[in-house]
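Have a look at the structure below, then the notes.
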Amino acid sequence: MSDSTPQFAEILLPVPVKRLFTYAVPQQLSHGIQLLQRVIVPFGERKILTGIIIRLHNESPEFETKDILEVLDEEPCFTAAQYRLMEWMAAYYLCTPGEVLHAALPAALKLTSESKVQLHPSFDWNQTLFEFTAREEALLRALQDKPMTYAEAAKLTGSKNVYTLLKALVRKQAVVLLEEVTDKFRPRTERKVRLTENWLQPGKLEDLFARLGKKPKQEEILLKFLQELPVMHDATINKKGLSRKKLLEGDLSESSLNTLIKNGIFEEFTVVIPRFDFSEHKTENLPILSEDQQRCKQEILHTFEQHPAVLLHGITGSGKTEIYIHLIQHALQSGSQVLYLLPEIALTTQMVNRLRKVFGAAMGVYHSRFTDNERAEVWNDVLRGKISFVLGVRSAVFLPFSHLGLIIVDEEHDASYKQQEPAPRYHARDTALMLGRIHQAHVLLGSATPSAETYHLAKNNTYGYVELTSRYGEAQLPEVVLVDLKLERKLKRLKGMFSATLINAISEALGRKEQVIVFQNRRGYSPMLSCEDCGYIPKCNNCAVSLTYHQKLNSLICHYCGYRTQTPVVCPDCSSGRLRALGYGTEKLEEELKIHFPDAEIDRMDLDTTRSKHAYEQILGRFESGVTDILVGTQMVTKGLDFERVSVVGVFYADRLLYFPDFRAEERAFQLLMQVSGRAGRKGRPGRVIIQTNRPGEQLFRFILNHNIHAFYEKELNERESYAYPPFTRLIEITLKHPDKVKVNQAAHHLNQVIRQELPDLRILGPGEPLIPFVRNQHLMNLLIKIPRNSGNLASVKSVLERLAQGLTQEKNFRNVKVILNVDPL
């Protein structure tokens with residue numbers, strides 16, 4: 001930036017275009033404008049967007065520029081490190097910086113043309129002192145009927161710069177803009193009251209009581225205030241005031257309080273309060289580490305001296321969290337910020353309760369179940385340095401850290417760290433590694449079942465490697481029991497689909513006042529309905545899948561597009577009433593367990609029961625407190641949860657996990673089964689894991705029975721190397737979408753041909769249909785590109801693939817075919 005006042009700005013906008021946009025800086029905004037501030041700019045004919053200033057200069061472009069409408073920040077709300085990360089993500093994941101910005105910036109910090117304008121509640125045509133232009137008057141008359149979006153206001157007035165017109169009407173107090181056309185973010189406020197200074201003088205309080213002697217309701221309020229804030233002993237505490245809400249507790253008279261304020265006895269004021277206040281929760285010191293944990297902590301710190309990234313490979317129940325807490329404290333004491341990533345909101349809920357007792361107000365929490373304003377508040381608190389430690393899910397990598405010293409990626413193997421839709425299709429673990437490199441921070445990857453890629457890189461000394469092989473305290477690894485469902489069926493010992501072994505184990509645990517987890521990785525009541533007479537199965541209109549039956553909702557629902565229809569009473573094909581629910585989902589398991597154990601409290605945790613903001617917290621709270629005896633759930637119950645009363649874990653049907661046309665299927669099955677097994681026997685209680693399967697002879701089960709993690713990874717990596725899969729190659733998946741099956745097929749074969757011509761040395765699988773070939777009214781075709789890991793030409797290959805994909809969509813025949821490039825697909 002030059003010393004002279006800048007005339008132009010290069011703005012990054014949240015749109016899928018690979019370039020910055022040039023805008024003129026109006027004279028009134030040129031003083032104080034800075035890089036990385038948010039600005040409001042017009043975009044196209046009607047839109048208004050929030051962008052970030054990337055460059056300021058005086059180089060006049062060869063085209064006419066529009067003006068920046070407003071600067072939203074006094075100080076930048078982004079950091080240079082954030083922008084470096086965004087540029088890397090756009091380049092690595094083959095998307096645009098605008099798409100990364102759209103994902104990064106909380107909605108409350110964005111303004112769009114969907115914001116609305118309405119008449120000011122106190123506006124009166126007959127009493128206003130302002131004059132209005134013809135356009136302003138036309139808009140005001142239209143607003144008498146209903147509020148309008150900015151786009152609608154622009155269309156009505158024919159104004160190219162409707163924002164300027166609206167700001168003029170705001171100044172004339174004629175309209176209000178919903179979200180005020182500045183920030184959607186609104187700090188949380190609280191109304192407080194305090195005595196006016198006059199009544200703090202010596203002897204004045206006695207006079208006040210004498211004055212209120214015949215007004216008992218007002219006197220009662222004054223007494224309550226003095227009980228809460230004894231200003232007669234310390235007048236300085238009057239300044240902070242007392243919450244109006246707290247003062248009126250106990251059905252005190254609100255009108256009497258208003259009278260006291262009106263008469264100048266009390267004064268009312270408003271303060272900004274944090275949405276997350278953990279300051280009163282700091283009640284515990286650091287946990288005491290065992291000898292193994294202490295050794296592990298020191299080994300990690302030592303390994304950080306040689307490796308910026310370290311894998312902590314600790315078995316389930318080994319106490320990794322306690323080590324994390326000590327490392328977090330170590331980083332905070334050195335003046336660094338800390339980011340602690342978890343894959344699931346459910347884990348975040350339980351972890352918040354543990355960590356806030358140790359770190360109190362130093363900690364912030366960031367995930368998608370928070371409101372827009374709550375996320376924006378955490379963003380601003382990190383930016384201003386009010387929060388030095390953040391616990392969050394994958395989107396927390398976008399926060400504006402300035403001196404990050406430690407990043408912990410817990411359960412680093414978890415597929416939830418990978419964003420699938422929309423772009424950027426990033427992996428939070430790999431993004432965290434780059435974030436650590438940008439900040440020169442240490443990165444700790446933790447898991448009992450690390451991904452094959454991470455395990456390989458750690459064993460080959462790319463990452464540091466620290467292992468923790470014993471459980472904390474007196475806890476032992478659980479006994480794993482395989483139940484052969486074929487044999488149980490033959491001997492007629494099945495109750496529904498529950499084996500006698502599982503039923504007896506649950507019954508014994510409940511008799512000992514212990515808890516049980518039952519895992520089934522399928523939500524809903526049943527995967528499908530089927531007519532017993534004609535074989536009809538209801539299918540989704542938009543996708544090539546059967547509809548899942550949800551009994552409580554009396555609905556058939558597609559889990560891919562959300563299509564829903566009421567459950568039919570008779571078969572639509574043959575009118576038979578013999579419709580049968582096939583298979584088991586978590587809802588049906590919950591129902592059957594209530595039949596088997598009528599006195600037990602049974603709860604269910606899956607996507608259907610955790611849609612509301614506090615559902616995770618409520619379900620886990622009931623289980624942790626012992627109210628719930630049996631928790632049925634999908635993979636949500638497998639991930640890092642720590643409950644001391646759980647002695648039995650039942651895997652209802654393990655075979656569902658094994659047989660998928662995916663090279664990672666066995667790894668995922670191993671991880672899920674090992675993780676869910678790890679929920680049992682964590683606090684000294686003997687634990688049992690009952691795995692029901694039709695294939696007890698599978699090699700995978702032998703690894704699990706013997707807790708032989710290293711042998712499993714050795715076998716898995718040997719197979720990966722033989723067939724050229726990660727970690728020995730990098731993958732890029734290309735998906736083509738179009739409503740016309742013939743056209744998408746032609747496009748896929750054409751793209752395959754041109755890729756093979758330009759990159760003849762690459763291994764390419766496809767084109768072919770994916771497992772689900774029709775989703776959301778779009779036919780799909782896939783190509784899978786394998787790139788040798790150490791070939792050194794990853795960037796050039798990506799560049800060619802991106803160019804060829806864009807070239808395909810510019811051809812007349814394939815203009816409407818959508819092409820998606822997914823780097824490192826899961």
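Could you state the number of Å between the C-alpha centres of region 659-717 and region 314-381? Distance between centres, Cα-based: 29 Å.
Kindly report the accessible area of the chain per residue (heavy atoms of protein chains, probe 1.4 Å, no ligands, DNA or RNA), in Å².
Details: 37950 Å² over 826 residues.
Here the residues of the chain average 46 Å² of exposed surface.
Mind jotting down the distance between the C-alpha centroids of region 764-809 and region 596-646, whole Å? Using only Cα atoms to place each centre, the spacing works out to 40 Å. Taken about its Cα centre, region 203-249 carries a charge dipole of roughly 280 debye when the Cβ of each Lys and Arg holds +1 and the Cβ of each Asp and Glu holds -1.
Given a Förster distance of 45 Å, report the FRET efficiency between residue 75 and residue 611 from their Cβ-Cβ distance, rounded to the nearest 0.05. Don't skip to the answer; put the middle values down first.
Numbers: r = 37 Å, r/R0 = 0.83.
E between residue 75 and residue 611, to the nearest 0.05, is 0.75.
Per-residue Karplus couplings for region 804-815, computed as 6.51 cos²θ - 1.76 cosθ + 1.60 with θ equal to phi - 60°, are listed in order as 5, 5, 5, x, 4, 6, 8, 6, 4, 5, 10, 4 Hz, Gly and Pro entered as x. Couplings 3J(HN,Hα) for region 525-532, derived from phi with the Karplus relation 6.51 cos²θ - 1.76 cosθ + 1.60 (θ = phi - 60°), are 8, 9, x, 6, 9, 9, 7, 6 Hz, where x marks Gly and Pro. Taking amide hydrogens as placed 1.01 Å from N in the peptide plane, the amide H of residue 67 sits under 5 Å from those of 24, each at least 5 positions away in sequence or on another chain. Charge tally for residue 607 (other residues, Cβ to Cβ under 12 Å; Lys, Arg +1; Asp, Glu -1): 0. When a 1.4 Å probe is rolled over the protein heavy atoms, the share of accessible surface on the chain that falls to carbon and sulfur comes to 47 percent. Tell me whether region 481-630 comes out rounded, prolate or oblate; compute the Cα gyration tensor, take square roots of the eigenvalues as a ≥ b ≥ c, and use a/c under 1.5 as the rounded threshold. Oblate is the answer for region 481-630, as a/c is 1.5 or above yet b/c matches or exceeds a/b. Taking the centroid of alpha carbons for each part, region 43-64 and region 70-119 are 15 Å apart.
Placing unit charges on the Cβ atoms of the charged side chains and taking the dipole of the chain about its Cα centre, the candidate lying farthest along the positive direction among 317, 156, 196 is 156. Around the Cα centre of the chain, unit charges on the Cβ atoms of Lys, Arg, Asp and Glu (plus for the first two, minus for the last two) sum to a dipole of about 1260 debye. Given the choices (1) 198; (2) 251; (3) 212, volume of the Cα convex hull per residue in Å³ derived from the coordinates of this structure is entry (2). Of the peptides 426-432, 208-214, the ranking by mean beta-carbon count within 10 Å, highest at the top, reads 426-432, 208-214. When peptides 760-773, 316-329 are ranked by their average number of other Cβ atoms within 10 Å per residue, the highest-first order is 316-329, 760-773. Ranking 782, 328, 78 by Cα position along the charge dipole of the chain, where only Lys, Arg, Asp and Glu carry charges on their C-beta atoms, puts 782 farthest toward the positive end. Pairs from the list 639/786; 588/639; 146/167 with a Cα-Cα gap above 28 Å: 639/786. Quick one: length gained pulling residue 415 to residue 715 fully straight, 0.36 nm per residue minus the C-alpha distance? Length difference between fully extended and current span is 105.9 nm. Judged by a Cβ-Cβ distance under 4.7 Å, the unpaired cysteines of the chain are 77, 95, 296, 561.
The values are calculated or read from the model by the stated rules, or taken from the named source; none is laboratory data. As the structure is a prediction and not an experimental result, all values here were calculated from the model. Because the Cβ atoms are built from the backbone with ideal geometry, glycine has one as well, and the counts that use them run over all protein chains shown. Protein only, heavy atoms only, side chains kept; ligands, DNA and RNA dropped before computing areas. Shrake-Rupley method; radii C 1.70, N 1.55, O 1.52, S 1.80 Å.
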